[in-house]
Structures are given as structure tokens and as C-alpha cells.
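Taking it in order: structure first as C-alpha cells, then the write-up.
Please treat every number below as a calculation from the coordinates, not as lab data. If you're wondering where the values come from, they're calculated on a predicted model, not measured in any experiment. As a convention, Cβ positions derive from the backbone with ideal geometry for all residues, glycine included, and neighbour counts pool all protein chains shown.
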């Protein structure tokens, strides 16, 4: 089926932003249904964080491994704090970066009523305060939401409402918040141990975090404690190669910066001026565009390992990992 035909079939599931639609989708969430909502990072597949029914529906819709926990989103800081054991690191980070693309992992408050399924049975909770005004409007009506990226598990994350519609064939209502400003998932810091540990690079740079907290421990723990730690993730259907100067025959090319092979077939440029923030905002959309093509694979130019480049390279590495 062509994308044009598919779009015709599913476009009526996209809800324009309005008070009426915000109320309608909020009521669905309160009834333990799931809907797709915009954030500044990527679109999220949201369900009531206290509802096992909603969380089970998220896992089923995404075909997500149930040992992979979900991020809990809220816009009321006191409400978020009530479900975790807060600490001075979290206080500093919240003051500096919330609302924004940062997730922190903290020990669970034993009185929390969050779905154990959302936490994958762990004694820690991943929480964040998103920045998007439409997400704020919904959170103000429903409380806390679990909201992983609104795409089948392991595939490219969605950065606009149409991405969600196509990914799930019109099975879900989507609140249209336009294109995501950050376009890359949140940075995740584990604050549950003896020192802050970077679990996933993302929309807040490592440099900004270390300027606030000092040097961070890096590398994933043996056990999965937060989303985005699976070796293969964010993957297109086509094979992807990193750090390539010139693509092979029939291979699309994802460039970065002003120097690129002008004759390269299937050329897209993450940022012609070499801006890592611009590149991050374009990454998933351009990967998705090249993946819907007749090419044999996708080659990606080298991306600097600094600032948001750390997060971009992390996503590319997981997208390029061997498939099981």
C-alpha cells in the first residue's frame, strides 16, 4: 500500500490541538485507554501511570519487552516527588533543566501507586517533566503518564503526528503538536546509587550536566534500569553504516556539515552548517525518510563526539547494531 493511500486511511485519527480535543483525549486516558501525545523530544505513547490496564496496552501496542521500564511524565513537581525518594542531585537537576529533555532515575517511594508493570518490577522510577505545552495541558488533567516513544519497539522514534499514524496504521488517536523541537529522546541519569550515572545521552548534553554535578559515571549497568539501553534500538529497516565518507552504490547517504559527496545518490544533510542541535532535531525524520526508499542501505557521515553529538552517535550505534 502506498504512503499516499495509507495517509488517506489514517489521517482522521490525528486530533488538532484544541481545548475540546485535549479534554476528549484526557478523558480517554482517565479511562485507561492509550493515546499518542507530543513532547519536545519525540511523540509519546501515553497511558495512565497507575493503571495496569493502560500500561499493558502500551507494551502490547509497541511489542515492547516487558523487562524494559517506562518513563513516568508529570508537570506537578510535588506529585512527581511523592513517588520517589528525592535527593540533592535531583533538586539541582530539576532547578536547572526541568521542564526539559532530562529523565532521572530515583528509588521508589514504597507508598507509590505507580503500576509495577510500568516499572518492570524494579525498585527505581524514571521520571521527567516534559516541556511541550500540549503535554502540560493533558498532564494537568490526568496526573502522571507513562509515555515511551510512540513507535513499535526498536524502530525509529516519531517526531511528528504523521509518523505515529503510519507506524500504527491509524490504530491510535494522536494529539497533533507539530514537529518536535528537540527531536531526540531525553538524557537519562541514574541518581539511585552512590554517584550519578549517565544511562542514556540525549537532549541535555553531557557537558551541561557535568558543569552542574561534576564528572559523571558513564556506561550502562548490568541490569536495565531505564529505556533506551537495549543494544539494538531506534533501528530503520535498512542496514545502517556509521562514519562513512562516501556511500556505496545504491546506498543512501546521511551527511553532516558543509563537506559531503555532492554526487552521492539519496543525499540528505542533518545540518549543512555543522550544527549539532539542528542535526539532532532532524535525525529521526531523515532516517525515516531514507528508510522509505529503494536503497540497499543507509550510510552516515562522521558526527563529532561532543555536545549533542554524543546522543546522536548513541542512537546511530544502536540503529547500526546487528539484528538478532
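Below, the figures for the structure above:
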quantity: Share, in percent, of DSSP beta bridges within the chain that are antiparallel, nearest 5; calculated: 45 percent
quantity: Peptide ranges 27-35, 312-320 listed from the most packed, as the mean C-beta count within 10 angstrom indicates; calculated: 312-320, 27-35
quantity: Cα shape, the range 240-320, gyration tensor, a/c 1.5 rule; calculated: prolate
quantity: Simple label model, 7 Å out from Cα along Cβ direction - residue 169 to residue 110, nm; calculated: 4.7 nm
quantity: Mean Cβ neighbour count within 10 Å, used as a protection proxy, ranking 172-180, 108-116, 197-205, 55-63 highest first; calculated: 197-205, 172-180, 55-63, 108-116
quantity: Net lengthening on full extension, residue 63/residue 207 (0.36 nm per residue, minus Cα-Cα); calculated: 48.4 nm
quantity: Estimated FRET transfer efficiency (residue 78, residue 294; beta-carbon r; R0 45 Å; 0.05); calculated: 0.25
quantity: DSSP-defined antiparallel bridges as percent of all bridges, the range 240-320, nearest 5; calculated: 0 percent
quantity: Value at 222 nm in deg cm²/dmol, rounded to 500, when DSSP H runs of n ≥ 4 in the chain each add -39,500 (n - 2.57); calculated: -9000 deg cm²/dmol
quantity: The range 57-209: antiparallel DSSP beta bridges as a percent of all, rounded to 5; calculated: 60 percent
quantity: Calculated FRET efficiency for the pair residue 21/residue 242, C-beta based, R₀ 45 Å, to 0.05; calculated: 0.65
quantity: Ordering of 39-45, 282-288, 266-272 by packing [mean C-beta count within 10 Å, highest first]; calculated: 39-45, 282-288, 266-272
quantity: Anisotropy class of the range 56-148 from Cα gyration tensor, a/c 1.5 cut; calculated: oblate
